[in-house]
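Down below is the structure, laid out as structure tokens.
The values are calculated or read from the model by the stated rules, or taken from the named source; none is laboratory data. No experiment lies behind these values; they were computed from the predicted model shown. Here the Cβ positions follow ideal geometry from the backbone for every residue, glycine too, while neighbour counts run over all protein chains shown. Each accessible area value is taken on the protein alone, full model and side chains, heavy atoms only, with ligands, DNA and RNA left out. Shrake-Rupley method; radii C 1.70, N 1.55, O 1.52, S 1.80 Å.
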Amino acid sequence: MNRVYLHSGQNEKSLVKVILGLLLPFMLYGFYKNGIHLYRKDLVSMVMMFKPLYLVLISIIISIIFSLIKKKGFFSYILLINILISLVVMPNINLLVYVTSLIILNIIFCFLKINIVPVFMIIVFVYELITKHYTFLNTLELSVEHKYSILDYLIGQGPGGISNTLWLFSLLSLVVLCFKYSYKKHIPISGIITFYILLIIYSIITRHVNLDLYMNNNFLFASVFIAPLLMFSPYTKGGCYLYGIILGILSFICIFLDLNIGIYFVIFILSLLHKLFDKIFIITRK
């Protein structure tokens, strides 16, 4: 049976609440890792210590404003999207750039339903390339050469977005979300499995294991929370599997360029093609 995911308002609202609950530990740990910890090291001021929380607060305020304009409830899809953006941005993100980009993309979203999470990341990536500030490392990680262990990655000490580095909790979140009917679990499961199969084969051939790739926070978090977003992914089971497999293949190709930002380019491209994946399986069933 080719399962069809229903996009009813009630299903979406319920899923949004569950995902937001799962994102809370990421927010709190991001505040510690890229706020409190840096303040204790005298690398940021007391005001900038709260930067990870500022981003979340800004996202909530902008979401409320646009929800009122569109006459949507508080737990709207736009709230989830904006909060996801606040967690995955680079730690050195400029607050003015953040606010401006977020407002513009929310305006665009009112007229054009595209996945603005990867779009935001691509815009910021281009901006930081131009200004020569592109990095997913925080101030401390830039100043000291780190050699992370598997445990470091598991408990969130590895590099990544400002509040998405809890690698183990990303994995646990996937397990929890798999019990939600409206969550498109086939996308992250097939994508992650495909990626790691290819990565393991590559490691065997090269006889080298790169922990930065195996424990990449941006890839895992994006695969679990961003790739399966209801509005921008296939609604058939077969389409989700195809989406996920291609996600894994293209993400693997990105390891030769830059997986950290590459995953967002991949998700953006696939989100534009998600209806095509459904059509392929609908046509083959006729």
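Roll a 1.4 angstrom probe over the protein heavy atoms and tell me the percent of accessible area of the chain that is carbon or sulfur.
Values: 9770 of 13580 Å².
Carbon and sulfur atoms account for 72 percent of the accessible area of the chain.
Among the listed pairs LYS70/LYS185; LYS17/LYS147; LYS51/LYS180; LYS71/LYS113, which have their C-alpha atoms separated by more than 27 angstrom in this model?
Values: LYS70/LYS185 29 Å; LYS17/LYS147 37 Å; LYS51/LYS180 32 Å; LYS71/LYS113 16 Å.
Violating the 27 Å Cα-Cα cut-off are LYS70/LYS185; LYS17/LYS147; LYS51/LYS180.
Please give the calculated 222 nm ellipticity per residue for the chain, where each DSSP H segment of at least 4 residues contributes -39500 (n - 2.57) and the sum is spread over every residue; nearest 500 deg cm²/dmol?
Working: 15 runs with 185 residues, N = 286.
Per the formula, -20000 deg cm²/dmol.
Provide, as a two-decimal number, the C-alpha radius of gyration of the chain over 2.2 N^0.38 Å, N being how many residues it has.
Scaled against compact globular proteins, the figure is 0.98.
Using a 10 Å cut-off on Cβ atoms, rank the peptides 66-72, 211-217, 261-267, 233-239 from the highest mean neighbour count down.
Values: 66-72: 13.1, 211-217: 18.9, 261-267: 23.6, 233-239: 21.7.
Per-residue mean Cβ counts within 10 Å order the peptides as 261-267, 233-239, 211-217, 66-72.
Which one of GLY73, TYR264, ILE60 is farthest out on the positive end of the charge dipole of the chain, using unit charges on Cβ (Lys, Arg +1; Asp, Glu -1) and the Cα centre as origin?
Towards the positive end, the residue furthest out is GLY73.
Excluding LEU247 itself, calculate the net charge of residues whose Cβ lies under 15 Å from the Cβ of LEU247, where each Lys or Arg counts +1 and each Asp or Glu counts -1. Mind dumping the intermediate values first?
Values: positive: LYS184, LYS185; negative: none.
So the surrounding residues net to +2.
Keeping every protein chain present and rolling a 1.4 Å probe, give me the accessible area per residue for the stretch 69-210 in Å².
Details: 6950 Å² over 142 residues.
For the stretch 69-210, the solvent-accessible area averages 49 Å² per residue.
What value does the stretch 1-141 have for Rg/Rh, both radii from Cα atoms and Rh as Kirkwood defines it? Display every interim value, and only then the final one.
Working: Rg = 16.4 Å, Rh = 16.3 Å.
Here Rg/Rh amounts to 1.01.
Using +1 at the C-beta of Lys and Arg and -1 at the C-beta of Asp and Glu, which of PHE109, SER182, VAL44 has the Cα lying farthest in the positive direction of the dipole of the chain?
Comparing the listed Cα positions along the dipole, SER182 ranks first.
So for ASP278, ASP42, ASP152, what's the accessible-area order with a 1.4 Å probe, most first?
On the way: ASP278 5, ASP42 135, ASP152 35 Å².
Highest to lowest solvent-accessible surface, that is ASP42, ASP152, ASP278.
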